[in-house]
Amino acid sequence: MIRRRLCLGAAAIALTVPLAGCVTVHGERALVPSLRPAEAAKVLADFAAQNNKATKAYDEQAITAAEAGPLGAIDQAGVRAKHANNPGGNKSYSPLKFSDAKFLIPEQRGWPKFFVAEAKTNRNGDARWLLVFRHGGAGQPWKADFLGVATADELPDFAVDKDGHAEAVPLAGTDLAVQPGQLSAQYANYLDSGAGASGGSGASGGSGSGSGKNGAAAAGVFADGPATSGLKDSRAKSAHTASTVTQYADQADVAGDFAPVALRTTDGGAVVFFGSRHQSRATFRADHPLTLDDDTKALTSGTPKTSITLYRVAQSMVRVPPKKAGAKVTFVSYLTGLVSAKGE
């Protein structure tokens, strides 16, 4: 349990309860901020140091100490592949640096607790990074579970109270167009449902979890864009070629560190971070020359004789409107990475 010592000072004199100037607040029961801004700044600084160490040395254990959830799954696989091909690390690595950091810290009761760090970096030009940090209890480390990247113009205004605290949105029972806890499943259903939102041809290349009523319902949830209709249309075009047939399958994941996180925006909606899993199986002619890059080879088990299945994890940052607005969910950031592959 976490106990924060809140000193009352001179105000304690006016209290009639027998306090000795301080009160113990239990983080597992009381509604308290996730942490103080100065503590959040230290978490971000520690993350940068650990991430730089891991990326320079291609050290998977160092990544595991700083990251979890979809971000951790993607980066752990990436570092594992890089280490296999470059065991001496990256001697020309340029350290990641943060600047102009802002912290969205909600008041929360119980565990896990989270906060969001929004900052500029020396990557991605003028885009800002939004890192979701979460921990499961007192004494446990803060780890980054999600990353979203967006320009300042793409970011909404987050709602804060008079004390500057952000508002955490629960995963169910909200006034939003889609419940945050359902977004991963809705997105998987949407991608598996066939035609793109803009009316493109079916893209799944096989049976999917979103067929039927669930897929049709999911199709009305998301606005057109690169991560939605654009992705489905791209899949449709590559599903059948002269040499290959590709099948796709998409799965929700909201377990453990993949659990979504949501913050209220001033328009009554919310920004939601969620993860999902995606696989593609390409079957090709026996004499087809299959070319794999070095990182994919490092993550591949088995020998791709007639097929290869690629397993990817995606982390999404979306804007979810209030139900009364009658609008659709829009993607602000969509980052995906290969985590493993299997040849047959």
Identify, by number, the condition in (1) of a type in the set (A, V, I, L, M); (2) in a loop (DSSP other than H, G, I, E, B); (3) open to solvent by 40 Å² or more (accessible area, probe 1.4 Å); (4) in contact with a Lys or Arg (Cβ under 9 Å, 6 or more places away or on another chain) that LEU171 doesn't meet. (4)
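Can you pull out every residue in the stretch 127-138 that is surrounded by 19 or more Cβ atoms within 10 Å (Cβ to Cβ), without any contact (Cβ under 8 Å) to a residue 40 or more places away in the chain and either in contact with a His (Cβ under 6 Å, 6 or more places away or on another chain) or not hydrophobic (A, V, I, L, M, F, W, C) (or both)?
ARG128, HIS135, listed by residue number.
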Please work out if LYS297 is open to solvent by 20 Å² or more (accessible area, probe 1.4 Å), closer than 26 Å to ASP145 by Cβ and not aromatic (Phe, Trp, Tyr). no
Sole miss for ALA49 among (1) out of contact with any Ser or Thr (no Cβ under 8 Å at 6 or more places or on another chain); (2) at negative phi; (3) small (Gly, Ala, Ser); (4) crowded, with 18+ Cβ neighbours inside 10 Å is condition (4)
So is LYS324 farther than 25 Å from ARG80 by Cβ and either basic (Lys, Arg) or surrounded by 16 or more Cβ atoms within 10 Å (Cβ to Cβ) (or both) or not? yes
Between ALA168, ALA159, which is touching a strand residue (DSSP E or B) at 6+ places or on another chain (Cβ under 7 Å) and either among the basic types (Lys, Arg) or closer than 30 Å to ALA62 by Cβ (or both)? ALA168
Has the stretch 142-154 got any residue that is open to solvent by 50 Å² or more (accessible area, probe 1.4 Å), among the hydroxyl-bearing types (Ser, Thr, Tyr) and part of a loop (DSSP other than H, G, I, E, B)? yes
For residues that are open to solvent by less than 60 Å² (accessible area, probe 1.4 Å) and either charged (D, E, K, R) or in contact with a helix residue (DSSP H, G or I) (Cβ under 7 Å, 6 or more places away or on another chain) (or both), tally how many sit in the stretch 73-94. 7
Could you please give the count of residues in the stretch 101-126 that are without any contact (Cβ under 8 Å) to a residue 24 or more places away in the chain and open to solvent by 70 Å² or more (accessible area, probe 1.4 Å)? 2
Restricted to the stretch 269-311, and to residues that are among the small types (Gly, Ala, Ser) and closer than 24 Å to ALA242 by Cα, which residue is modelled with the lowest pLDDT? ALA286
Condition broken by PRO37, with the remaining ones in (1) within 16 Å of PHE115 (Cα to Cα); (2) modelled with pLDDT under 95 satisfied: (2)
Name the residues in the stretch 223-265 that are part of a helix (DSSP H, G or I), open to solvent by 30 Å² or more (accessible area, probe 1.4 Å) and touching a Gly at 6+ places or on another chain (Cβ under 7 Å), would you? ASP233, ASP257
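Give the residue that is nearest to the chain's Cα centre (by Cα), with candidates limited to residues of the stretch 98-111 that are at pLDDT below 95 and more than 17 Å from GLY164 (Cβ to Cβ).
Taking the stretch 98-111 and keeping what is at pLDDT below 95, we get 108-111.
Those left that are additionally more than 17 Å from GLY164 (Cβ to Cβ): 109-111.
Working: ARG109: 22, GLY110: 22, TRP111: 19 Å.
Top of the filtered list is TRP111.
The values are calculated or read from the model by the stated rules, or taken from the named source; none is laboratory data. Because the structure is a prediction, the values reported are computed rather than measured. Cβ: placed from backbone, ideal geometry, glycine included. Neighbour counts: every protein chain shown. Please note that ligands, DNA and RNA were not included when accessible areas were found on the heavy atoms of the full protein model with its side chains. Shrake-Rupley method; radii C 1.70, N 1.55, O 1.52, S 1.80 Å.
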